[in-house]
């Protein structure tokens with residue numbers, strides 16, 4: 001399946017994007033974590049979004065509880081609703097909502113076929129699981145307001161910056 005990544009001169013296949021997403025998830029693991037550090041990550045993401053002039057909602061959850069939530073000017077209630085669905089997907093699957101969605105679309109599986117309601121889950125990008133070095137999933141970092149790929153990359157790039165590592169971009 002051929003997928004052109006908007007805003008890029010590179011045309012990548014879905015398989016290429018999946019490989020990048022899998023490498024991101026392998027690299028972006030937290031060795032230590034605290035509520036204070038997650039708040040710092042959230043404010044850093046809001047700052048990046050403001051620099052971009054983006055209207056987004058940022059949410060960080062641990063064990064289903066929201067530990068950080070903020071929005072830039074122009075974000076709407078709709079962004080909050082999308083963030084909840086994206087976070088549910090990432091936390092349930094242990095994968096970014098984008099990776100989960102791409103894999104399932106390639107396999108021809110809809111949310112409903114998998115027993116999931118589109119009212120509670122989505123296959124759009126923007127939520128990244130909080131993965132510990134042990135591979136345990138303890139929560140999610142979610143962005144809503146941009147295109148699916150941009151939401152995903154803002155979350156992933158912010159986590160990478162926070163962890164002090166570099167990752168490949170899907171954009």
_Förster radius 41 Å - calculated FRET efficiency between residue 110 and residue 132 (Cβ-Cβ, nearest 0.05)_ = 0.85
*Shape call for the stretch 75-132 from the C-alpha gyration tensor, a ≥ b ≥ c root eigenvalues: rounded (a/c under 1.5), prolate (a/b greater than b/c) or oblate?*
oblate
*Can you tell me how much longer the chain between residue 22 and residue 120 gets when fully stretched, taken as 0.36 nm per residue apart minus their C-alpha distance, in nm with one decimal?*
32.9 nm
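Calculate how many DSSP beta bridges within the chain are antiparallel, expressed in % of all such bridges and rounded to the nearest 5.
Working: 20 of 22 bridges.
Taking every DSSP beta bridge within the chain, about 90 percent pair in antiparallel fashion.
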*Which peptide among 134-144, 68-78 comes first, and what is the full order, when sorted by highest mean count of other Cβ atoms within 10 Å?*
134-144, 68-78
*In deg cm²/dmol, rounded to 500, what helix-only [θ] at 222 nm does the chain give when every DSSP H run of at least 4 residues adds -39500 (n - 2.57) and the total is split over its residues?*
-14500 deg cm²/dmol
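We did not get these values from a lab; they are worked out from the coordinates using the rules stated. This is a predicted model, so every value here is computed, not measured. Positions of Cβ are backbone-derived with ideal geometry, glycine not excepted, and every protein chain shown enters the neighbour counts.
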